[in-house]
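The values are calculated or read from the model by the stated rules, or taken from the named source; none is laboratory data. These numbers come from a predicted model, not from an experiment. Don't worry about glycine lacking a Cβ; one is built from the backbone with ideal geometry, like all the others, and counts go over all protein chains shown.
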Amino acid sequence: MEILVASAIGMMTATGVYLVLRLRTFPVVLGMSFLSYAVNVFLFATGRLVVNRPPIIEDAARAYTDPLPQALVLTAIVISFGMTAVVVLLALGAYIDSGTDRIDVPPEDEEREGRG
Amino acid sequence: MMGHWIIVPVVMPAVVAALIVLVMRHDLVLQRVVSTAAVAALVGVAVALFANAGTVQAYRLGDWPAPFGIVLMLDRLSALMVLLTAVLAAVVILYAIGSGWDGRGRHFHALFQFQLMGICGAFLTGDAFNLFVFFEVLLIASYGLMIHAGGGLRLRMGVQYVIFNLAGSTLFLFALGTLYGVTGTLNMADLAVKMGTLAPADQALARVGAMLLLLVFAVKGALVPLQFWLPGTYANAPAPVAALFAIMTKVGAYAVIRMYVLVFPPDSAVTGTLFADLLLPAALVTLALGALGVLGADRMGKLAAFAAIASMGTVFTAVAGFTEASIAAALYYIIHSTFAGAALFLVVDLVRARRGPLAGRLVAGPAFAGRGLVAALFFAAAIAAAGMPPLSGFLGKLLILDALRTAPGVAWIWGVILVTSLVTLVGLARAGSLVFWSTAEAPALPELPPAEAPPPAPALALVAAAAPLVALVALTVLAGPVSRETGAIAADLFARTAYIDAALETDGAKGMDADDTGEAH
C-alpha cells in the first residue's frame with residue numbers, strides 16, 4: 001500500500017509540475033489541480049497509513065487513525081477548491097480582456113499597455 | 001493581560017469586510033467611512049496590544065489545551081508587526097480615498113479589510129498550519145486587490161502572481177505535512193520542543209521540511225531566485241495596493257525570523273547553521289539584483305518594485321546573521337523599509353496621475369502641474385529608499401553593518417550593502433532628474449494608452465503620500481528608543497523559553513503569570 005500511495009503522489013506531483021511549467025493558462029490550471037490532489041493525499045498520509053480504524057473515540061475501537069491530518073486535508077481541499085475557482089476566473093478575465101491565454105507577458109505588450 | 005483583545009485584529013476586519021459586502025456594497029461613501037473607522041480602531045487596538053505585550057500571552061481558541069487547540073500568540077514581535085500593519089493601513093486607506101482609487105472597481109474596501117485580517121492573523125498565530133491559512137486569506141484578498149480596476153495587462157500580471165503564489169501554497173502544505181509526519185505537531189512552540197528531542201533517523205526528514213518552508217517564505221519575501229513575481233505585480237498593481245503590499249513581503253521576513261529563531265535556531269542539532277548559510281548569499285544577490293533593477297528600470301513603477309526587492313535583500317542579509325544584534329537591526333530596517341516602500345509607491349502614483357499619457361515612463365516630458373511639491377516628496381522617498389542620511393534608512397543600514405561586523409564574510413556583506421546603496425542612489429537620481437528636471441516636448445509614443453487616472457489627486461492624497469515620510473522622520477528622531485525596543489524584542493526571541501512556556505502552559509508560564517500580577521500591584 002505504501003508503494004502505491006507514494007507512487008501515486010509522486011506521479012501526480014510530476015504531472016502537476018510539468019503542466020504548471022506550460023505557457024498557456026488552461027494546462028497551468030490543470031497542473032495546479034494535480035499538485036493540490038498530490039498534496040492532499042500527501043497530507044492524508046502524514047498521519048501514517050492505517051486501514052479500517054476510526055478517527056474519533058469509540059468504545060469498540062482497539063486502535064485509532066490520526067484525526068488531525070483529516071482535518072488538515074479538509075481545510076486544504078476547501079482552500080484549493082476556492083483558489084482553483086479564483087484562478088479560472090482570473091484567467092478567463094485576462095483572456096477576454098487581452099485576447100490571449102499566454103501566461104508570459106512579452107515586453108512589447110508591457111511597453112504598449114503598461115502605465116508603470 | 002489582554003484577554004480577548006488579542007483576537008480583535010483578526011475578527012474585526014473580518015466582520016467589517018463581511019458587513020461592507022452585505023450591507024453597503026452600493027454606497028461608496030458609507031464604505032469609506034466604515035472602512036476608515038475600522039482601520040482607526042485597528043490602530044488603537046494595535047497600540048494597546050503593543051503596550052501590553054511585555055509578557056508573552058497565548059489566546060486559546062475554544063479554550064482547547066495546547067498543543068491540541070489552535071493558539072494565537074501575542075509577544076512583542078507580533079505586536080510590533082500588527083502595529084506596523086495598522087499604521088500602514090491607515091496611510092493606504094487615506095490615499096485610496098483621496099486619489100479615488102477605491103472607486104475605480106468594486107469591493108476595494110471589503111478586500112482591503114480581508115487583507116488586513118490575513119496579515120494580522122499571520123503575525124499573531126502560534127500554529128504553523130494556521131500560518132498557512134492566514135497566508136491564504138491574505139493572498140486571496142491580495143489577488144482581488146491586485147486586479148482592482150481591471151485592465152488587460154493588470155489581469156495578465158495578476159494571473160502570474162496568483163499562479164506563483166498557488167505553487168508556493170502547495171509547497172507550504174508539503175512542508176507542513178513533512179514536519180507533521182516527523183513530529184506529530186504543528187504548534188510552533190511544540191515544534192520547537194520536539195525538534196530538540198528528535199530521533200537522529202528523523203532529522204534528515206525534518207531538515208527537508210524546514211528547507212521547503214524556507215522556500216515558501218522566500219517566495220513571500222521575494223528572495224532570489226524566487227522574486228520573479230514581484231516586479232510585474234507591484235508595478236502593475238493599483239498604487240495603494242502596491243503600498244499595502246509593502247507589508248506583505250515583510251510577512252515573509254517575519255515568518256523566517258519566527259520559525260528559524262524559535263523552531264530551527266542556528267544551534268539546533270537538526271538543522272545547524274544551514275539556513276543562515278543559505279540565506280546570506282541569497283540575500284546579497286537579492287540586494288544586488290534589486291539595486292541593478294532600480295538603475296535599469298524604464299518605468300517608475302518598476303523602479304519602486306525593484307527598490308522593494310533591494311530592501312528585502314537588506315532585511316534578509318541582517319536576518320541571516322541570526323544573532324540578537326542582527327535581528328534587532330533587521331526589525332528596525334523592516335519598520336523603515338515598510339514606510340519607505342509605501343512612500344515610494346504612493347509618490348510614483350502621484351507622478352503618474354499628473355503626467356497624463358506619459359504616466360510612469362522614465363523619459364523627459366513636458367512640465368506638469370504641482371511638479372515642485374511632488375518632486376520634493378519623491379526626493380524624500382528616494383533618500384529613504386536609498387538609505388541616505390538624514391532619514392532612518394541610513395541608521396537602519398548602519399545598524400545592520402554594525403551588527404554584522406563580526407559575521408563571517410563581512411567584507412562581502414559590507415561591500416554589497418555599500419555598493420548597492422550607491423547604485424540605488426544613482427538609479428533614483430536618474431529617475432528624479434528625468435521626470436522632474438528635464439523638460440521636453442511629449443515624445444511621440446505609439447498608441448499611448450488613455451490616462452487611467454482622474455485629474456490630479458486632491459489634497460488628501462498628497463497628505464496621505466507624505467504621511468509615511470513623516471513616519472520615517474519620527475523613526476529617525478526616535479531611533480534610540482525604537483532600536484532599544486527592537487533589541488529587547490530580539491533578546492526575547494532568542495530567549496525562546498518564555499514563548500514556549502506561554503504557548504504550552506508549562507510550569508514556567510504559571511510562574512510568569514504570578515510575576516505579572518506582582519508587577520501590576
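Taking segment A:61-72 as the range and being farther than 17 Å from B:VAL133 by Cβ, at pLDDT 85 or above and either more than 27 Å from the chain's Cα centre (by Cα) or more than 9 Å from chain B (Cβ to nearest Cβ) (or both) as the test, the residues that pass are A:ALA63, A:TYR64, A:THR65, A:PRO67.
Condition first: among the aliphatic types (A, V, I, L, M) and either more than 22 Å from B:PHE174 (Cβ to Cβ) or in a loop (DSSP other than H, G, I, E, B) (or both). Now tell me which residues in segment A:44-63 satisfy that. Spell out how you get there, then give the answer.
The initial filter retains those residues of segment A:44-63 that are among the aliphatic types (A, V, I, L, M), namely A:45, A:49-51, A:56-57, A:60-61, A:63.
Of everything in segment A:44-63, those that are among the aliphatic types (A, V, I, L, M) and either more than 22 Å from B:PHE174 (Cβ to Cβ) or in a loop (DSSP other than H, G, I, E, B) (or both) turn out to be A:LEU49, A:VAL50, A:VAL51, A:ILE56, A:ILE57, A:ALA60, A:ALA61, A:ALA63.
At the interface with another protein chain (Cβ under 7 Å from one of its Cβ atoms) and either under 26 Å from the mean Cα position of the chain (by Cα) or closer than 19 Å to B:GLY232 by Cα (or both): is that true of A:ILE103 in this structure? Judged against the criteria, A:ILE103 is a match.
Could we say that A:THR46 is surrounded by 17 or more Cβ atoms within 10 Å (Cβ to Cβ), touching a Phe, Trp or Tyr at 6+ places or on another chain (Cβ under 9 Å), under 21 Å from B:ASN130 (Cα atoms) and facing another protein chain (nearest Cβ under 9 Å) here? Yes: the conditions hold for A:THR46. Scanning segment B:140-185 for residues that are part of a helix (DSSP H, G or I), hydrophobic (A, V, I, L, M, F, W, C) and under 26 Å from A:PRO106 (Cβ atoms) turns up B:LEU145, B:MET146, B:LEU153, B:LEU155, B:MET157, B:VAL159, B:VAL162, B:ILE163, B:PHE164, B:LEU166, B:ALA167.
As a summary of the residue check, B:ILE97 satisfies the conditions (1) over 18 Å from the mean Cα position of the chain (by Cα); (2) surrounded by fewer than 24 Cβ atoms within 10 Å (Cβ to Cβ); (3) part of a helix (DSSP H, G or I) except for the one numbered (2). Determine, yes or no, whether B:ILE119 is within 10 Å of chain A (Cβ to nearest Cβ) and under 20 Å from the mean Cα position of the chain (by Cα). For B:ILE119, the condition - within 10 Å of chain A (Cβ to nearest Cβ) and under 20 Å from the mean Cα position of the chain (by Cα) - is not met.
Considering segment B:186-212, the residues that are of a type in the set (A, V, I, L, M, F, W, C), within 14 Å of chain A (Cβ to nearest Cβ) and outside any loop (DSSP other than H, G, I, E, B) include one that is farthest from A:LEU43 (Cα to Cα), namely B:LEU191.
Looking for whichever is on the phi > 0 side of the Ramachandran plot and touching a helix residue (DSSP H, G or I) at 6+ places or on another chain (Cβ under 6 Å) here; the options are B:PHE322, B:PHE306. Which one fits?
On the way: B:PHE306 fails: on the phi > 0 side of the Ramachandran plot.
Selected residue: B:PHE322, the only one of B:PHE322, B:PHE306 that is on the phi > 0 side of the Ramachandran plot and touching a helix residue (DSSP H, G or I) at 6+ places or on another chain (Cβ under 6 Å).
Selection of first residues in segment B:351-364 that are of a type in the set (Gly, Ala, Ser) and of second residues that are assigned to a strand (DSSP E or B), restricted to Cβ pairs under 7 Å at least 6 apart or on distinct chains, gives the following pairs, ordered by first then second residue: B:GLY360/B:ARG299; B:ALA364/B:THR439.
Matching residues to (1) more than 8 Å from every other protein chain (Cβ to nearest Cβ); (2) assigned to a helix (DSSP H, G or I); (3) farther than 16 Å from B:ASN165 by Cβ; (4) at pLDDT 90 or above:
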{"site": "A:MET11", "(1), (2), (3), (4)": "yes, yes, yes, yes"}
{"site": "A:TYR18", "(1), (2), (3), (4)": "yes, yes, yes, yes"}
{"site": "A:PHE42", "(1), (2), (3), (4)": "no, yes, yes, yes"}
{"site": "A:ALA76", "(1), (2), (3), (4)": "no, yes, no, yes"}
{"site": "A:ALA85", "(1), (2), (3), (4)": "yes, yes, no, yes"}
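Within the option set B:VAL270, B:VAL285, being under 29 Å from B:PRO231 (Cβ atoms), in contact with a helix residue (DSSP H, G or I) (Cβ under 8 Å, 6 or more places away or on another chain) and either at pLDDT below 95 or assigned to a helix (DSSP H, G or I) (or both) holds for one residue only, B:VAL285.
Residue pairs whose Cβ atoms lie under 7 Å apart, separated by 6 or more positions or on different chains, with the first residue in segment B:206-226 and modelled with pLDDT of 95 or more and among the acidic types (Asp, Glu) and the second surrounded by fewer than 24 Cβ atoms within 10 Å (Cβ to Cβ) and in a helix (DSSP H, G or I), do not occur. Against the test of being surrounded by fewer than 24 Cβ atoms within 10 Å (Cβ to Cβ) and hydrophobic (A, V, I, L, M, F, W, C), the options B:ALA66, B:ALA79 yield a single qualifying residue, B:ALA66. Scanning segment A:79-116 for residues that are loosely packed, with under 12 Cβ neighbours inside 10 Å and among the β-branched types (Val, Ile, Thr) returns a single hit, A:ILE96.
Does B:ALA411 fit the bill of being without any contact (Cβ under 8 Å) to a residue 60 or more places away in the chain, within 17 Å of B:VAL348 (Cβ to Cβ), among the aliphatic types (A, V, I, L, M) and exposed (fewer than 15 other Cβ atoms within 10 Å of the Cβ)? Before the answer, list the steps.
On the way: without any contact (Cβ under 8 Å) to a residue 60 or more places away in the chain: yes; within 17 Å of B:VAL348 (Cβ to Cβ): no; among the aliphatic types (A, V, I, L, M): yes; exposed (fewer than 15 other Cβ atoms within 10 Å of the Cβ): yes.
Against the criterion (without any contact (Cβ under 8 Å) to a residue 60 or more places away in the chain, within 17 Å of B:VAL348 (Cβ to Cβ), among the aliphatic types (A, V, I, L, M) and exposed (fewer than 15 other Cβ atoms within 10 Å of the Cβ)), B:ALA411 does not qualify.
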